[in-house]
């Protein structure tokens, strides 16, 4: 994300615990890494691809995602990029909100237009991005502290 510290490699393991407290080289570290849900296809073929990262108190990792609670921040950061060796993808952001860690957003296969519209309607910012049933969604997820097991998610359409 331009104008932010979010510029990290994305790793993936065979579970969602491994990189929670490990660096990309596997070394233990409480900061962890930015990692893709183990159920997601690394080639971004799923309807919904989830990428996790800690929200660090020093403002690093996914901490900037919490700023999407403010419309002005969204107005100045409407897009992000996901780069692989093969392609550079643009992500058009359309919703940001606090959810429980068992929210339906974490179900990779059951994300229909009604659920997407529900997330858009509850979003902390308003967006003009249209999401179709063919679009691939990127969900960025980080810790939030409004209640126990709270998560802040930012959703975008992969282009």
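Applying the condition of being more than 12 Å from residue 136 (Cα to Cα) and in contact (Cβ under 8 Å) with a residue 40 or more places away in the chain to the stretch 46-57 and asking which residue is surrounded by the most Cβ atoms within 10 Å (Cβ to Cβ) yields 53. Number of residues in the stretch 67-76 that are surrounded by 14 or more Cβ atoms within 10 Å (Cβ to Cβ) and farther than 12 Å from residue 95 by Cα: the value is 2. Summed over the stretch 91-111, the residues that are part of a helix (DSSP H, G or I) and touching a helix residue (DSSP H, G or I) at 6+ places or on another chain (Cβ under 8 Å) give a count of 2. Taking the numbered list (1) surrounded by fewer than 20 Cβ atoms within 10 Å (Cβ to Cβ); (2) closer than 16 Å to residue 1 by Cα; (3) touching a strand residue (DSSP E or B) at 6+ places or on another chain (Cβ under 9 Å); (4) modelled with pLDDT under 95 in turn, residue 60 passes all entries but (3). In the stretch 10-33, is there at least one residue being surrounded by fewer than 20 Cβ atoms within 10 Å (Cβ to Cβ), in contact with a strand residue (DSSP E or B) (Cβ under 8 Å, 6 or more places away or on another chain), farther than 21 Å from residue 129 by Cα and touching a residue at least 60 places away in the same chain (Cβ under 8 Å)? Within the stretch 10-33 (the criterion being surrounded by fewer than 20 Cβ atoms within 10 Å (Cβ to Cβ), in contact with a strand residue (DSSP E or B) (Cβ under 8 Å, 6 or more places away or on another chain), farther than 21 Å from residue 129 by Cα and touching a residue at least 60 places away in the same chain (Cβ under 8 Å)), the answer is yes, since at least one residue qualifies. Within the stretch 7-35, restricting attention to residues that are in contact with a helix residue (DSSP H, G or I) (Cβ under 9 Å, 6 or more places away or on another chain) and part of a loop (DSSP other than H, G, I, E, B), the residue that is nearest to residue 49 (Cα to Cα) is 12. Selection of the stretch 122-138 for residues being in contact with a strand residue (DSSP E or B) (Cβ under 9 Å, 6 or more places away or on another chain) and either assigned to a loop (DSSP other than H, G, I, E, B) or under 18 Å from residue 73 (Cα atoms) (or both) yields 122, 123, 124, 125, 127, 128, 129, 130, 131, 132, 135, 136. The requirement of being assigned to a loop (DSSP other than H, G, I, E, B), under 12 Å from residue 82 (Cα atoms) and free of Cβ contacts under 8 Å to residues at least 40 places away in the same chain is satisfied by residue 43. Do we find that residue 114 is without any contact (Cβ under 8 Å) to a residue 60 or more places away in the chain and either surrounded by 12 or more Cβ atoms within 10 Å (Cβ to Cβ) or in a loop (DSSP other than H, G, I, E, B) (or both) in this structure? Considered against the rule, which asks whether it is without any contact (Cβ under 8 Å) to a residue 60 or more places away in the chain and either surrounded by 12 or more Cβ atoms within 10 Å (Cβ to Cβ) or in a loop (DSSP other than H, G, I, E, B) (or both), residue 114 comes out as no.
The values are calculated or read from the model by the stated rules, or taken from the named source; none is laboratory data. What you see is a predicted model; the values in this text were computed from it and never measured. Virtual Cβ from ideal backbone geometry, glycine too; neighbours counted across all protein chains shown.
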